[in-house]
1. Inside segment 69-178, counting only helices (runs of 4 or more DSSP H) that do not spill past its ends, which hold 1 or more residues that are open to solvent by less than 10 Å² (accessible area, probe 1.4 Å) and free of Cβ contacts under 8 Å to residues at least 40 places away in the same chain?
2. Condition check: at pLDDT below 85 and on the phi < 0 side of the Ramachandran plot. Does residue 80 satisfy that?
3. Can you name the residue in segment 18-52 that is under 15 Å from the mean Cα position of the chain (by Cα) and at pLDDT 85 or above and is also surrounded by the most Cβ atoms within 10 Å (Cβ to Cβ) among such residues?
4. For residues in segment 113-165 being closer than 21 Å to residue 27 by Cα and hydroxyl-bearing (Ser, Thr, Tyr), which is farthest from the chain's Cα centre (by Cα)?
5. Can you name the condition, by its number, that residue 60 falls short on among (1) in contact with a Lys or Arg (Cβ under 9 Å, 6 or more places away or on another chain); (2) part of a loop (DSSP other than H, G, I, E, B); (3) open to solvent by less than 60 Å² (accessible area, probe 1.4 Å)?
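The values are calculated or read from the model by the stated rules, or taken from the named source; none is laboratory data. Keep in mind that what you see is a predicted model, and the values were worked out from it rather than measured. Virtual Cβ from ideal backbone geometry, glycine too; neighbours counted across all protein chains shown. We work out accessible area using only protein heavy atoms, side chains counted, and drop any ligands, DNA or RNA first. Shrake-Rupley method; radii C 1.70, N 1.55, O 1.52, S 1.80 Å.
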Amino acid sequence: LSIATGAHLGASHAAPARPPLFVLVVGETARADHFGLNGYARDTTPELARRGVLSWRNVRSCGTSTLQSVPCMFSHLGREAFGRRTAEYDHMQGVLQQAGLAVLWLDNQAGCKGVCARVPSASTEDAQATPAGRGLCDGGECLDDLMLEGLDARIAQLPEERRARGVVLVLHQMGSHG
């Protein structure tokens, strides 16, 4: 079922002086209580703290696997409603794209589980044989840095009229898996 019908950008996006770039780093296995940003005693996130990033603290996973948690995270339904749903709905990325933004999903994990099906996306699996991939991958698993290789070019390939309104970049990281 579509919840994206009629989605549009508000007046603040009519003529931005500089189109926004919103980077959403997804690490669904990361424990919020182990981030220095969230008050953990050891400073585990010094670079992020210097950049003034937002860290959502009051969130809970919908499951213990990527298959369960990622679709729920990008749903308009809460955890309980998502578990009881009787239909499939558009995900956040589809709504943002329908509203006119450029959306790009980069994956270094077990895939987007359908939430990037209608938006431009790429996986580090596709880059393992490249020079950067050979340096950042070992045994089929890649460091998250590989998602940044060629990023400017990937963003430049998104439709210009959407980029002019803003870009939403989703980085689905391997992070603390394994």
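1. Counting at least 1 such residues, we get 131-136.
2. For residue 80, the condition - at pLDDT below 85 and on the phi < 0 side of the Ramachandran plot - is not met.
3. Across segment 18-52, the extreme among qualifying residues is 26.
4. Per the criteria, the residue is 124.
5. If we test residue 60 against (1) in contact with a Lys or Arg (Cβ under 9 Å, 6 or more places away or on another chain); (2) part of a loop (DSSP other than H, G, I, E, B); (3) open to solvent by less than 60 Å² (accessible area, probe 1.4 Å), just (3) comes out false.
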